[in-house]
Amino acid sequence: MYYGVRLGMKSREAWMEGMKNWEGKLPERMTDDQLEESFWDQFLQRKTAEAEPDDYVREIGRELLSFIQEDDEVLEIGPGWGNYTFAAASKARSLTCVDSSASVLGYLEQAARAKGLSNMSFVHAKWEEYEPPVHDVVFGVNCYYRMQAIDQAMVNMNNSARRLAVIGMTSGPEKPHYWDIHQQLGYKIKFSRRDYIHLTNLLYELGIDVNCNILPLQKTYVYESEEQFVSQNLSAIMEPSYDREKAEAILRQYLVWVDGKPAYVHQFKAALLHWRPERRISL
């Protein structure tokens, strides 16, 4: 296997640094398993079982399904509320869901029964601590945010995928008004601190060359009032005091109306990293 140039990127350390909040500390949800479980329990109690996913989720799902064959045994990491789970289970021979949240797994198991899916199984475990059996395809989308041992998580994906490992992450660009505010007014902004490039570099350091499919996506945020539109879209400004009038004037260049309500159309991307494992690796 080609291990590439020794660049000394220290991608695991960069990932951990990006996990910290803007005060330089790990948020409680990153370290407190009970707090994370409580979040998912409360979230899923509020979720409507048949709520339609965003259009961009469907686009990612179509791309993801192109990697799965009908005879595949598939494993999904961190399925959350199942944006991709049931479509994958409907196409594959079997689907195993691994998640650290008992609430998530209970929700998915109940939903699977309601949908008449009998080819699903559920494992309550942290992926980076789990010793997974081999499956044809192993995938996870936007599920890596709490994984401090991210290098071990990548090793587990490589070693448990017989044919294909797939990582999905929604990506930049940031909402453009924030860049405008940063560049024109000089304000500090809570820009995203982790992205697919961190995992691309980490995999490279592990001796894995990945393919990358970039999908252009769009989401329209609709607000109940102009005040909500303004307050939510200025919330990432870090300055303790700033000229709201100037910042709002920049933001309003992106105001559109949808059915009489203020809205913001955000164009962003998703990255699907995928590779065919060549051999088992270890740290």
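The values are calculated or read from the model by the stated rules, or taken from the named source; none is laboratory data. None of these values were measured; they are calculated from a predicted model. Positions of Cβ are backbone-derived with ideal geometry, glycine not excepted, and every protein chain shown enters the neighbour counts. Quick note on the areas: whole protein, heavy atoms, side chains included, nothing else; ligands and nucleic acids left out. Shrake-Rupley method; radii C 1.70, N 1.55, O 1.52, S 1.80 Å.
Values as computed for the structure displayed
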quantity: Residues of the range 13-53 classified as at pLDDT below 90, assigned to a loop (DSSP other than H, G, I, E, B) and open to solvent by 60 Å² or more (accessible area, probe 1.4 Å), total; calculated: 6
quantity: Scope the range 73-91; condition closer than 15 Å to ALA165 by Cα and more than 19 Å from the chain's Cα centre (by Cα); matching residues; calculated: GLU73
quantity: Some residue of the range 201-215 being within 26 Å of TRP22 (Cβ to Cβ) and of a type in the set (Ser, Thr, Tyr); calculated: no
quantity: Residues of the range 196-220 classified as free of Cβ contacts under 8 Å to residues at least 60 places away in the same chain and either open to solvent by 70 Å² or more (accessible area, probe 1.4 Å) or closer than 21 Å to LEU64 by Cβ (or both), total; calculated: 3
quantity: Long-range neighbours under 6 Å by Cβ, at least six apart or interchain, first residue farther than 19 Å from HIS182 by Cβ and surrounded by 11 or more Cβ atoms within 10 Å (Cβ to Cβ) within the range 225-240, second at pLDDT below 95 and among the aliphatic types (A, V, I, L, M); calculated: none
quantity: Selection within the range 131-160 - open to solvent by 50 Å² or more (accessible area, probe 1.4 Å), under 21 Å from the mean Cα position of the chain (by Cα) and more than 19 Å from LEU206 (Cβ to Cβ); calculated: ASN142, TYR145
quantity: Top-ranked residue in the range 269-283 [being at pLDDT below 95 and not basic (Lys, Arg); ranked as least open to solvent (accessible area, probe 1.4 Å)]; calculated: ILE281
quantity: Selection from the range 241-254 of residues that are open to solvent by 40 Å² or more (accessible area, probe 1.4 Å) and not acidic (Asp, Glu); calculated: SER241, TYR242, ARG244, LYS246, ALA249, ARG252, GLN253, TYR254
quantity: From LEU202, LEU215, residue being aliphatic (A, V, I, L, M) and under 30 Å from ASP259 (Cα atoms); calculated: LEU215
quantity: Residue among VAL104, VAL98, VAL137 that alone is touching a helix residue (DSSP H, G or I) at 6+ places or on another chain (Cβ under 7 Å) and closer than 19 Å to PRO277 by Cβ; calculated: VAL98
quantity: The range 106-120, residues that are open to solvent by 50 Å² or more (accessible area, probe 1.4 Å) and over 22 Å from the mean Cα position of the chain (by Cα); calculated: GLN110, ARG113, ALA114, LYS115, GLY116, SER118
quantity: Residues satisfying the stated conditions in the range 182-195, i.e. surrounded by fewer than 17 Cβ atoms within 10 Å (Cβ to Cβ) and closer than 22 Å to ARG146 by Cα; calculated: LYS190, PHE191, SER192, ARG193, ASP195
quantity: Among the candidates ALA111, ALA149, residue that is free of Cβ contacts under 8 Å to residues at least 24 places away in the same chain and out of contact with any strand residue (DSSP E or B) (no Cβ under 7 Å at 6 or more places or on another chain); calculated: ALA149
quantity: Those residues of the range 161-181 which are at pLDDT 95 or above, over 25 Å from TRP275 (Cβ atoms) and surrounded by fewer than 17 Cβ atoms within 10 Å (Cβ to Cβ), in sequence order; calculated: PRO176, TRP179, ASP180
quantity: Residues of the range 243-283 classified as hydroxyl-bearing (Ser, Thr, Tyr) and touching a strand residue (DSSP E or B) at 6+ places or on another chain (Cβ under 8 Å), total; calculated: 2
quantity: Qualifying residue in the range 73-87 (condition: within 22 Å of LEU202 (Cα to Cα), buried (at least 18 other Cβ atoms within 10 Å of the Cβ) and of a type in the set (Asp, Glu)); calculated: yes
